[in-house]
């Protein structure tokens with residue numbers, strides 16, 4: 001596309017300092033050829049690095065291109081930063097092996113933060129129990145709550161049920177128009193709606209300090 005070739009021209013001219021690319025881009029030989037000795041890369045950052053592992057819950061084959069054999073030897077990249085928040089022990093080992101990361105360079109922190117309280121309960125009637133939960137302490141006094149669902153249709157269904165029971169709620173998922181999604185986020189951040197029923201599409205980059213449930 002015109003945008004792609006325009007970006008390549010800027011890269012060759014040295015006018016781009018930070019470039020965001022998908023792993024699929026490393027399948028493009030034209031893209032790879034502009035790097036190396038003529039255009040050295042000082043740092044590669046791999047976000048969602050768990051996708052490298054075939055054991056990951058959301059493995060992407062294109063991430064297999066992001067291996068030391070390509071990054072270090074073919075593109076002469078010496079500094080690699082891989083980041084993930086959802087790696088099992090087996091997945092972590094695959095990442096370390098694929099990118100040839102020395103064990104001494106591995107930084108791990110607890111996934112369970114001190115300001116989070118986690119609990120699990122079994123339910124025979126999830127909608128009924130959700131209503132009971134939202135209307136009972138401490139949730140009844142919380143101003144901002146996110147209810148996560150697996151499917152888009154489920155978010156709409158649960159949201160309608162909450163609204164029918166006098167709980168101020170909106171649904172949010174990637175199937176909605178961007179304008180509507182932005183409006184839901186705006187209403188939530190300004191405390192004009194109390195509950196957002198969403199898929200994992202909601203929450204990334206959300207800056208709201210008083211989400212309590």
Discussion item. Quick test of your reading of the structure: residue 46 fulfils all but one of (1) surrounded by 15 or more Cβ atoms within 10 Å (Cβ to Cβ); (2) over 24 Å from residue 200 (Cβ atoms); (3) at pLDDT 85 or above. Name the failing condition by number.
Written reply: (2)
Worksheet item: Has region 24-41 got any residue that is modelled with pLDDT of 85 or more, surrounded by 11 or more Cβ atoms within 10 Å (Cβ to Cβ) and closer than 17 Å to residue 82 by Cβ?
Response: no
Fill in: Whichever residue in region 76-95 is buried (at least 17 other Cβ atoms within 10 Å of the Cβ) and closer than 20 Å to residue 42 by Cα and, among such residues, is nearest to the chain's Cα centre (by Cα)
82
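The values are calculated or read from the model by the stated rules, or taken from the named source; none is laboratory data. Computed from a prediction, not measured in an experiment: that's the story for all the values here. Glycine gets a Cβ as well: all are built from the backbone with ideal geometry, and neighbour counts include every protein chain shown.
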